[in-house]
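The values are calculated or read from the model by the stated rules, or taken from the named source; none is laboratory data. Since the model is a prediction, treat every value here as computed from it, not as a measurement. Reconstructed Cβ throughout: ideal geometry from the backbone, glycine too, with neighbour counts over all protein chains shown. The accessibility values were calculated without ligands, DNA or RNA, using every heavy atom of the protein model including side chains. Shrake-Rupley method; radii C 1.70, N 1.55, O 1.52, S 1.80 Å.
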Amino acid sequence: MSSNHEDIKREQIAETVDGWTHNGPFHRRPSFRILILVILFTAFGVWAAVFFTDKIMPSILSSQMKSVHDTIIFFTILAAPVAALVYAIAAYSIYKWGHGHGEQAPPDGPPMRENSLTTSIWLGASTILVVVVLVWGMTALSSENQGQLRPVTIDVYGQQWLWTFKYPGTGVESNQLVVPVGRQIRFVVTSYDVTHGFWPNSLGVQIDANPGFKTYITADPNATGQFAVRCSQLCGLYHAYMDANGKVVTPTQFSSWLVSHGASTTSANAYALGGK
Amino acid sequence: MKRLIWGVISLVIAVVAVGLVVFGFSKQQYHAPDGTVAAKSVGMIQYQGKTRDHVVLTFGTYASAQGKYGTMLSVDGAPNVPSGEVHPGGNPQWPAYSPSNQFSVPAGAYVTVVWHQYDSGGAVNNPYFARAHGTVGGTETVNGKTVTGVDGNNMAHTFTVRPAPGTASGFFLSVPSPVSKLGDNATNTAGGQVVTFSFIAGAKGLYAWNCEFPCGLGIGGFGAVMSSYGYMSGYLHVV
Ligand SMILES: [Cu+2]
Ligand SMILES: [Cu+2]
């Protein structure tokens, strides 16, 4: 290869670049300092992924949301060294190789067209990362729709700019989404007008509400708590206000909530507690 | 070294700027804008063991925002001139809420609404909105008669209020009104129906209201007037 030729070029550049040749023997090459930065930035990225994900995302109220959190954490950890490398080189370059007014710009470095080792590592690492991300993503996605025997079905209607929920068999219709913990919930989603996006955020699922036909999505709530139902498709004037209250409660609380909203005790119990 | 000092200085400036913005937002006071129609105080009232301010809010829905079908009349028969620029532009045949699309009520008050409904209408797409939700007793009155809702095939508009997103207060109010007695020949001055209902105002803050009857054009009836801010949409300021 033309390594000899490149070394000569590098030396010519090195002489003109501050910090390349004037350091002590141990810190001779900037790559060492950049490596230190990469390690520091990666450590920060991994720490941020582990400690911040739970704080900035909606709470975990279902197994689906747990897998969304895990996916975000895992992908952020995978991305941390890549981002760290970019930021480390950028930060080091700005600090060390920036040049002020009147100074001459240093000459461009030699192209690395024939450095097959760099190219292979680059391609190989990218391929591995993308394949891992793809397999993980597909697995997480396919686990979202595994049916369970006798799920609780809830009909979801989107319209400009509100959500309404029907609890079939109980006669209850509400602007509040209440679901029992420990049961699989099957949402049957449609729209009265334009396309909306049904997004009960802490349940970790999301699906479009389309006028004229139904879409289905299941969630498995595994903890009680409050969440928000948002619209995730820009749908007009008050899209920003298309927001409903959601709650995961115990099956007994669910049954009494249905009764307080007009269901008969028999139908509420059959619907909320049945299929155990 | 010089570079480092400048770096630190710009960082400090950035931190101070962001800090000031955050501070400004945290100190922001809530005000209802000009042209807001405030509910009128009529004394105190006992409701569920608590003495509350009793206020009355009056508005109307009319067949034409720009007087095409006559002057919009208020409750006492006086011309109902819209306050503020709430219905600019648009089509003279578009219906509208009047005298404003901005209303204010005191937090926690017992609010009685008197609604003069003059517009035509038709069938609602979602029967849920043909019924009263979130009112005192779950009812409304139509021309003095207490009902839990109106005929979903002959209704005009709804007054549907929800809090700003992210507030888990659970406040929700939706009240339907029947079509004008003149049906499709509705005018701004005759055939009016009087709807009343009461509700307990929520906590201080901005609440958005809109009409859930698809009284516009196009897809789902939510085009034109429904998609033009100010006619069938506005804000309820709880102050
Ligand atoms: Cu929407
Ligand atoms: Cu309307």
Worksheet item: Could you give P(r) for the protein assembly as shown, binned at 10 Å from zero, as whole percent values over all Cα-Cα pairs?
Response: 3, 14, 21, 18, 15, 12, 9, 6, 2, 0
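Pull up the DSSP beta bridges for the stretch A:120-261 and report the antiparallel fraction as a percent, rounded to 5.
Taking every DSSP beta bridge with both residues in the stretch A:120-261, the antiparallel ones total about 70 percent.
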Discussion item. Between A:Thr215 and B:Val15, what is the label-point separation in nm under the 7 Å Cα-to-beta-carbon projection?
Written reply: 4.5 nm
Item to complete: Quickly estimate the mean residue ellipticity at 222 nm for chain B, helices only: each DSSP H run with n ≥ 4 gives -39500 (n - 2.57), and the total goes over all residues, rounded to 500.
Response: -4000 deg cm²/dmol
Worksheet item: Pick from B:His157, B:His31, B:His133: which is most flexible by mean-square fluctuation in a GNM of chain B where alpha carbon atoms under 10 Å apart are linked?
Response: B:His31
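Where does the stretch A:152-272 land on the Kirkwood hydrodynamic radius, alpha-carbon pairs, in angstrom? Before the final figure, lay out each step's value.
Working: mean 1/r = 0.0703 Å⁻¹.
The answer is 14.2 Å.
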Practice prompt. Give the share of C-alpha pairs in each 10 angstrom bin for chain B, from 0 to the last occupied bin, in whole percents, shortest bins first.
Written response: 8, 29, 32, 15, 7, 5, 3, 1, 0
Worksheet item: Going through the stretch A:113-205, which GluC sites (Glu not before Pro) have at most 12 other Cβ atoms within 10 Å and a DSSP loop state?
Response: A:Glu114
Worksheet item: What accessible area, in Å² to the nearest ten, does a 1.4 Å probe give for A:Leu234?
Response: 150 Å²
Item to complete: Round to the nearest 10 and report in Å² the accessible area of B:Val56, as given by a 1.4 Å probe over the protein chains' heavy atoms.
Response: 40 Å²
Worksheet item: Antiparallel DSSP bridges in the protein assembly as shown: what percent, to the nearest 5?
Response: 70 percent
Worksheet item: Residue-wise, which Karplus ³J(HN,Hα) couplings in Hz belong to the stretch A:170-184, taking 6.51 cos²θ - 1.76 cosθ + 1.60, θ = phi - 60°, and x for glycine or proline?
Response: 10, x, 8, 9, 8, 8, 10, 9, 10, 10, x, 6, x, 10, 7
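Total accessible area buried between chains A and B, 1.4 Å probe, in Å² to the nearest 100?
On the way: alone 16520 and 12060 Å², together 26260 Å².
Accessible area lost upon association: around 2300 Å².
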Worksheet item: Which residue, chosen from A:Ala48, B:Val105, A:Val82, occupies the Cα position most advanced towards the positive end of the dipole of the protein assembly as shown, where the dipole is computed from +1 (Lys, Arg) and -1 (Asp, Glu) charges on Cβ about the Cα centre?
Response: A:Ala48
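Assigning unit charges at the beta carbon (Lys, Arg +1; Asp, Glu -1) and nothing else, what dipole magnitude in debye, to the nearest 20, does the stretch B:139-239 show about its Cα centre? Don't jump to the answer; show the numbers that get you there.
On the way: 4 positive and 4 negative charges, 46 e Å.
So the dipole magnitude of the stretch B:139-239 works out to roughly 220 debye.
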Fill in: J(HN,Hα) series, the stretch B:102-113, from Karplus relation 6.51 cos²θ - 1.76 cosθ + 1.60, nearest Hz, glycine and proline x
10, 10, 10, 9, x, 4, x, 6, 8, 9, 9, 9
Fill in: Distance between modelled label sites at A:Thr119 and B:Gln48, nm, 7 Å Cα→Cβ extension
7.4 nm
Worksheet entry | Which of A:Leu117, A:Val172, A:Val130, positive extreme of dipole for the stretch A:57-211 (C-beta unit charges) | A:Val172
Worksheet item: Roughly how many Å² is the accessible area per residue of the stretch A:152-272, as a whole number, for a 1.4 Å probe?
Response: 34 Å²
Fill in: With DNA, RNA and ligands ignored, accessible area of A:Ser120 (1.4 Å probe; Å², nearest 10)
70 Å²
Worksheet item: So how tilted is helix B:2-27 from the main axis of chain B? Cα-based, degrees 0 to 90, rounded to 10.
Response: 30 degrees
